[in-house]
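Each remark here refers to the structure printed beneath this line.
The numbers here are math on the coordinates, done by the rules we state, and not lab data. Since we're looking at a predicted model, the values are computed, not measured. Because the Cβ atoms are built from the backbone with ideal geometry, glycine has one as well, and the counts that use them run over all protein chains shown.
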Amino acid sequence: MPRQSTVYDLWMSAPLAHARSALRARDTEIVASQVAISEIEAPTGNERRRGAWIAERFRAIGLRDVRVDAADNVIGRRDGAADVAPVVICAHLDTVFPPGTPVQVRRSGARLVGPGIGDNGRGLAAMLALAEVIDGTDMCTHAPVDFVATVGEEGAGDLRGAKHLFDHAGDARAAIALDGAGDERIVHRALGSRRFRITYRGPGGHSWTAFGVPNAVHAAALAAAKLARLPRPASPRTTLSVGRIGGGIAVNAIPEEGWLEVDLRSTSAAVLDRYEHEIHAAARAASDEENGRRARGTPPLTESIARIGNRPGGDTDAAHPLVALAIDTTRLIGREPELATASTDANVPISRGIPAIAIGAGGRGGDAHTPAEWFDNTDGHTGLARALAIVIGAAGLATAAHAAPPAA
């Protein structure tokens, strides 16, 4: 991972100093882009309109080979001076908000308020800003830089875009996800998660005349209670929760179907494997217990378990040069770095052995995943400069004599 001898040398280099000035001068324009992005609906699974807007911007700033892949990720490349593996910069397109959610952004004092204004309107706007200042002439990197707007990062999207990208993109030198606001966090530990839907089915019937047939909702409730009682290790931190439960058609009908959805999280793949087994065991035990109470001659319940989400975990070692670069750059801008664990697009490259982190894209934000989500751009340009320095440090700064030609 070629970079200057120190982060300070990189920061003070003429190309980076010029690019930092450009980012500061374009601050208002970048925030306007952030608002425009946020006002395009992009619920998980329906990101195409926002993706098309990003693709147009990629072409306008001269990225090469702008395309939409089979997963609907939008990809563009800024060539480097060397024909080597690229650094991948990604920001997710999707939001948690369902279709029809009002997405207009309003100003409240120093804050911009609107669903998705930070997560991930800020990350996408920052990615566009970096792609523009890394222009291949005044600012040229040693390695190529691929800029990718990914789909399916949130919730049930299950990192679909990032999985497709790193399954088909070949080798990458490093990966950096721009996710939301902030300029202190460095997510280098990928929080793995597995999600399950447990379904029970039985004959059902009238709550009086058919009483004695096994009750699918009772089984679902038993399973939830068994899962709640499972002991969990203190280290690595592991969580298991039932997020949704339901079934039945009426209060006076024995349900034909009962179901629950389970969220399991840990940084350890071995722990995830262990508790996946425990979830299956608890589901079977609940079915056996409810069937054991059924009246003679009535059909038994059946159970099925579907894995509905699988986010890989892992970590980029805190001593790795990419993490060290992010730490040093964060301190250089006067912030104290916060090494963190989270579930982001960076999970995927980390799980594949590619050095990766996720960082905020400057400014401050809050109330994410709610309609009252807000963003405050105070010192936002400083966070953009931090992100730029990390990207350039990862890709290497080419000398003027080896600068890549302008992108076609």
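For the chain, take the longest principal axis of its alpha carbons; what is the angle in degrees between that and the long axis of helix 269-291, to the nearest 10 within 0 to 90? It works out to around 20 degrees. Footprinting exposure proxy ranking of Lys163, Lys226, fewest other C-beta atoms within 10 angstrom first, gives Lys226, Lys163. For the pair Ala17 and Arg274, label points projected 7 Å from Cα toward Cβ lie 5.5 nm apart. When both bridge partners sit in the chain, DSSP labels roughly 70% of those beta bridges antiparallel.
Placing +1 on the Cβ of every Lys and Arg and -1 on the Cβ of every Asp and Glu, with no other charges, gives the range 198-311 a dipole of roughly 260 debye about its Cα centre. Label reach from Ala228 (point 7 Å along Cα→C-beta): in the range 243-270, amide nitrogens under 12 Å belong to 243.
Of the trypsin sites (Lys or Arg not before Pro) in the range 252-351, the ones in a loop by DSSP (not H, G, I, E or B) with at most 15 other beta carbons within 10 Å are Arg293, Arg296.
Using only side-chain charges placed at the Cβ, +1 for Lys and Arg and -1 for Asp and Glu, the dipole size of the chain relative to its Cα centre rounds to 720 debye. With neighbour counts taken as other beta-carbon atoms within 10 Å, the residues Met139, Met12, Met127 rank, fewest first, as Met12, Met139, Met127. Coupling constants for the range 210-217 follow from the phi torsions by the Karplus curve (6.51 cos²θ - 1.76 cosθ + 1.60, θ = phi - 60°), and in residue order they are 9, 4, x, 6, x, 9, 5, 6 Hz; glycine and proline get x. Annotation note: GluC sites (Glu not before Pro) in the range 248-302 located in DSSP loop regions with a Cβ neighbour count of at most 16 within 10 Å are absent. Compared with the dominant Cα axis of the chain, that is its longest principal axis, helix 48-60 is turned about 10°. Of Cys90, Cys140, the sequence from fewest to most neighbouring Cβ atoms within 10 angstrom is Cys140, Cys90. Angle of helix 14-25 to the longest C-alpha principal axis of the chain, folded into 0 to 90 degrees and rounded to 10: 60°. Placing unit charges on each Cβ (+1 for Lys and Arg, -1 for Asp and Glu) gives the chain a dipole about its Cα centre, and among Leu128, Pro236, Ile350 the Cα reaching farthest toward its positive end belongs to Pro236.
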